[in-house]
Amino acid sequence: MRGGVASIAPDENDSVTGVVWNISTVDEAALDRYEGVGSGNYRKFTIDVVQNGARMPALIYVAVNSGSGSARPGYMELIIKAAVDEGCLTLTLEYCKLGCRAGGSWPVVPQTF
């Protein structure tokens, strides 16, 4: 797998804004296939997240390839639209727009879980 995909990385001084869904085991299996867990594109982890002031476990998918790369056309626009639709915009929008520039690429972020 090449870079240019959305992912997260641990950072004691930062956080990630996102959306939490309740999913079934059937949904999780479908996500595993879509994200390429079986072929090594993404790995799954359970982390603690805070939603409405309550801490809870959440399943996340983390890209195995931490290298930078250009996002495919339309990819970043879909991510930004989803963030707008779910109302989870903060400064992350400016970060996301980095990948939308012509020739833009994701910054390289070390991933250790």
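The values are calculated or read from the model by the stated rules, or taken from the named source; none is laboratory data. Everything quoted here is computed from the prediction, not taken from an experiment. In this analysis, Cβ positions are derived from the backbone assuming ideal geometry, glycine residues included, and neighbour counts consider all displayed protein chains.
Selection of segment 33-76 for residues being modelled with pLDDT under 80 and within 17 Å of residue 19 (Cα to Cα) yields only 76.
With respect to residue 44, is the statement that it is in contact with a Phe, Trp or Tyr (Cβ under 8 Å, 6 or more places away or on another chain) and without any contact (Cβ under 8 Å) to a residue 24 or more places away in the chain true? Walk me through how you get there before you give the answer.
Numbers: in contact with a Phe, Trp or Tyr (Cβ under 8 Å, 6 or more places away or on another chain): yes; without any contact (Cβ under 8 Å) to a residue 24 or more places away in the chain: yes.
Here the answer is yes, as residue 44 does meet what is asked.
If a residue has to be under 24 Å from residue 87 (Cα atoms) and either surrounded by fewer than 12 Cβ atoms within 10 Å (Cβ to Cβ) or touching a Gly at 6+ places or on another chain (Cβ under 6 Å) (or both) to count, how many in segment 24-51 make the cut? Outline the logic, then answer.
Step one: filter segment 24-51 for residues under 24 Å from residue 87 (Cα atoms), giving 24, 27-28, 31, 35, 46-51.
Within this subset, residues satisfying the condition of being either surrounded by fewer than 12 Cβ atoms within 10 Å (Cβ to Cβ) or touching a Gly at 6+ places or on another chain (Cβ under 6 Å) (or both) are 24, 27, 46, 48, 50-51.
Number satisfying all stated conditions: 6.
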